[in-house]
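I have placed the structure first, in the form of structure tokens, so that the comments after it can refer back to it.
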Amino acid sequence: MQRTVVFIMGTSFSGSSLLNSLFDSQPNTRGLGEAVHLIHKPTNAWCGHCKCHVDQCQLQKRICPDRFYESVFDVYPESEVVVNSSKHWGQCFRSMPIPASEFRLCLIILSKSLEEFSHSFAVHQTCSFENAFDVWSSFYQQLFANLDGVLTRVPKTDVQQRLVSRMTDDSIAYVSYRELATDTDATLGRLSDQLHLPFDSDYRNRLWGGDTCNIGGNNAIYAQRSGNAAFFQRDREYLNGKYCGRQGSIFYDDAWTQNDQLRAAARRYRESKQSDLESIERRLRHLPQPKLATTLIR
């Protein structure tokens with residue numbers, strides 16, 4: 001197959017580190033994680049494989065910033081697919097070089113619902129739900145504005161102009177955090193089939209155990225990949241013990257459904273921003289799901 005670069009885009013705390021690791025477990029595929037940290041400095045990011053700051057990472061020492069993707073394929077010559085989960089449009093296409101024309105480009109737009117995201121974001125950033133709602137809405141409005149400049153063939157920026165002939169609707173896939181966490185096998189198979197990427201249903205035997213230099217991302221995914229069992233044995237030291245006993249697990253966090261304050265704030269926000277939110281959610285192809293979901297642990 002033609003060598004391919006896959007970009008995972010979505011807000012923080014939406015499952016990009018998990019999706020990156022799932023792809024990394026597939027044949028001839030390398031999930032780099034938040035690759036922008038290999039180029040954009042300074043950074044606090046670490047490599048989950050080398051277990052060190054990115055500046056001492058094996059991959060960091062072997063890449064050429066001006067030929068970033070070419071040099072990554074040189075480091076991993078057996079690979080057909082490289083995944084970059086830097087998430088933000090600017091981090092993927094402005095802070096990093098756009099892949100050369102010899103590479104096929106794919107985009108995966110990953111999302112949590114407004115409520116799912118805001119619960120995670122408010123806890124991690126110690127901010128109000130209203131602030132989190134605005135972050136979610138602004139992120140996807142800006143992402144779709146950039147994407148529309150490419151897909152409508154009416155580019156407004158240099159980046160859009162350079163991507164016009166490289167990206168179509170067929171090279172873009174959508175996935176929600178909920179389906180990724182609760183129906184992982186089928187969801188990963190769908191994405192791979194839709195984007196014509198390698199897929200092996202036995203990937204779970206390789207999950208977390210790869211040798212790809214994997215940069216930044218979620219603390220729990222970093223602990224999975226680096227074999228830090230102690231992380232999963234903490235008693236309410238991190239996010240109220242959310243990850244206790246869950247090493248090697250993929251699970252759906254439904255804590256937001258039990259937060260009445262969040263759900264009330266979300267209702268008010270939806271009433272005031274109805275048109276904008278409906279437009280975003282329609283494009284993300286999922287609607288609010290207020291019912292309690294079954295937590296799934298594997």
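Residues in segment 219-266 that are crowded, with 18+ Cβ neighbours inside 10 Å, modelled with pLDDT of 90 or more and closer than 29 Å to Ser79 by Cβ: Ala220, Ile221, Tyr222, Ala223, Gln224, Phe231, Ile250. Could you go through segment 76-96 and let me know if any residue there is surrounded by fewer than 21 Cβ atoms within 10 Å (Cβ to Cβ), farther than 24 Å from Ser165 by Cβ and of a type outside the set (Ser, Thr, Tyr). The answer is yes; a qualifying residue exists.
Checking segment 115-130 against the condition returns a match, with at least one residue being surrounded by fewer than 24 Cβ atoms within 10 Å (Cβ to Cβ), of a type outside the set (A, V, I, L, M, F, W, C) and not in a helix (DSSP H, G or I). Name the residue that is farthest from Cys106 (Cα to Cα), counting only residues in segment 35-68 that are aliphatic (A, V, I, L, M) and touching a Leu at 6+ places or on another chain (Cβ under 8 Å). Filtering segment 35-68 for residues that are aliphatic (A, V, I, L, M) and touching a Leu at 6+ places or on another chain (Cβ under 8 Å), the one farthest from Cys106 (Cα to Cα) comes out as Val54. Within segment 151-161, how many residues are under 19 Å from Arg282 (Cβ atoms) and surrounded by 14 or more Cβ atoms within 10 Å (Cβ to Cβ)? Of the residues in segment 151-161, 1 are under 19 Å from Arg282 (Cβ atoms) and surrounded by 14 or more Cβ atoms within 10 Å (Cβ to Cβ). Scanning segment 69-91 for residues that are over 24 Å from Leu110 (Cα atoms), of a type outside the set (Val, Ile, Thr) and part of a helix (DSSP H, G or I) yields a total of 4. Scanning segment 12-47 for residues that are under 12 Å from the mean Cα position of the chain (by Cα), surrounded by fewer than 24 Cβ atoms within 10 Å (Cβ to Cβ) and within 18 Å of Gln91 (Cα to Cα) turns up Ser12, Phe13.
The values are calculated or read from the model by the stated rules, or taken from the named source; none is laboratory data. Keep in mind that this is a model prediction, so the values were computed, not measured. Virtual Cβ from ideal backbone geometry, glycine too; neighbours counted across all protein chains shown.
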